[in-house]
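What follows is a single structure, written as structure tokens, with notes after it.
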Amino acid sequence: MIDTGDPAFTAWLSSASKVIRCDLWSIFTRTGVALYFSGGDVDVTLPDARSFVRGPGFKRSRIKLSAGLQVDKVDVTMFVTAAHTVGSVPMAHHARAGGFDGAGVALDWAYFDEGGAYQGVMRKFAGTAGPAEVEPGQIRFEVRSEIALLQTMLPKEVYQPACLNQVYDSLCALNKPTWQASGAVTGTNGTLVWLQSGLAQANGYFDLGVLTFTSGVNAGLTRTVKAYAGGAFQFARPMLAVPTNGDTFIVRPGCDRTLATCTNKFNNRLRFRGFPFVPSAETVI
């Protein structure tokens with residue numbers, strides 16, 4: 001049992017002869033969307049104003065918590081219909097496009113007395129969702145506890161030709177709004193990986209960059225730019241739906257983390273953290 005920090009609730013839970021328990025699911029996607037679902041047959045509003053609504057059905061594996069550094073996990077299945085959406089996008093489409101990959105997931109247990117009066121809530125599990133598997137009517141993913149972060153390989157930094165920074169991070173220090181461009185869709189080819197815009201930057205300028213839709217059916221969706229040429233974008237992963245002419249977006253140029261790009265494209269050589277002149281192993285031998 002996890003200590004709730006509320007002595008009155010703990011005392012009630014220890015002495016109550018009959019309790020009603022309800023699973024509460026919180027899902028926080030990497031695009032900033034927060035979803036709150038009740039695993040019971042009623043909506044639940046907590047004293048902190050979080051409202052958990054009856055949404056898709058949930059099925060999960062048993063929670064198994066262990067001491068030490070063993071990574072705990074829970075297998076979750078969501079039973080969805082076309083009525084279940086994330087924004088205006090069907091939830092199954094959102095999951096198929098990777099919308100739940102890497103999402104933060106928390107499971108709380110809400111407790112009620114036999115008369116249905118709310119008594120308290122207890123956090124039982126929290127972690128990060130792995131890639132989702134989507135079948136008709138079902139979304140399945142594994143949630144691994146945060147102990148999995150301790151499996152990060154060390155040392156964190158190695159000698160390599162490519163820059164160790166991620167573009168726009170705190171060490172790179174480039175200001176995102178300064179490099180951000182706004183545009184609108186002017187054409188599509190019927191696929192989910194291509195769109196035409198009115199932007200006129202040089203070919204390759206937005207390669208490896210990030211495009212985020214600000215309106216339309218894909219609003220809030222972010223995709224990595226695989227290639228940019230002649231105002232057209234090709235994406236590494238499909239969009240949720242084919243956009244409509246006039247849908248707006250913002251886009252930032254990407255970086256291949258080479259010294260030439262850092263110097264000539266971003267004028268940021270002083271913050272370059274790669275080692276392009278380290279000889280290859282064959283040269284050393």
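Regarding Arg54, is this residue closer than 25 Å to Arg237 by Cα and basic (Lys, Arg)?
No; evaluated as a whole, the condition is false for this residue.
For the stretch 154-165, indicate whether the set of residues that are among the charged types (D, E, K, R), under 20 Å from the mean Cα position of the chain (by Cα) and open to solvent by 60 Å² or more (accessible area, probe 1.4 Å) is non-empty.
For the stretch 154-165, residues among the charged types (D, E, K, R), under 20 Å from the mean Cα position of the chain (by Cα) and open to solvent by 60 Å² or more (accessible area, probe 1.4 Å): absent.
Where residues in the stretch 159-181 are in a loop (DSSP other than H, G, I, E, B) and without any contact (Cβ under 8 Å) to a residue 60 or more places away in the chain, which of them is farthest from Phe277 (Cα to Cα)?
Asn175
Can you list residue pairs whose Cβ atoms sit under 6 Å apart, with the first residue in the stretch 217-235 being within 13 Å of Gln196 (Cβ to Cβ) and the second being open to solvent by less than 20 Å² (accessible area, probe 1.4 Å) and among the small types (Gly, Ala, Ser)? Count only pairs 6 or more apart in sequence or on different chains.
What qualifies is Gly231/Ser197.
Give just the number: which of (1) under 22 Å from Ala92 (Cβ atoms); (2) crowded, with 16+ Cβ neighbours inside 10 Å does Val251 not satisfy?
(1)
Restricting the search to the stretch 103-135, which residues are without any contact (Cβ under 8 Å) to a residue 24 or more places away in the chain and either open to solvent by 40 Å² or more (accessible area, probe 1.4 Å) or farther than 13 Å from Ile27 by Cβ (or both)?
Within the stretch 103-135, Gly115, Ala117, Glu133, Glu135 meet the criteria.
Can you work out which of the residues in the stretch 77-93 that are modelled with pLDDT under 90 and open to solvent by less than 20 Å² (accessible area, probe 1.4 Å) is nearest to the chain's Cα centre (by Cα)?
Val86
Checking Glu142 against (1) in contact (Cβ under 8 Å) with a residue 40 or more places away in the chain; (2) in a loop (DSSP other than H, G, I, E, B); (3) not aromatic (Phe, Trp, Tyr), which single condition isn't satisfied?
Condition not satisfied by Glu142: (2).
When you scan the stretch 8-66 for strands (runs of 3 or more DSSP E) that lie fully inside it, which ones turn up with 2 or more residues that are open to solvent by less than 70 Å² (accessible area, probe 1.4 Å) and either free of Cβ contacts under 8 Å to residues at least 40 places away in the same chain or in contact with a Lys or Arg (Cβ under 6 Å, 6 or more places away or on another chain) (or both)?
34-38, 51-54, 57-60
The values are calculated or read from the model by the stated rules, or taken from the named source; none is laboratory data. Being a predicted model, the structure only gives us computed values, none of them experimental. When we count neighbours, we look across all protein chains shown, and the Cβ atoms used for this are built from the backbone with ideal geometry, even at glycine. Ligands, DNA and RNA are stripped out before the accessible areas are found, and what is left, the full protein with its side chains, is counted by its heavy atoms. Shrake-Rupley method; radii C 1.70, N 1.55, O 1.52, S 1.80 Å.
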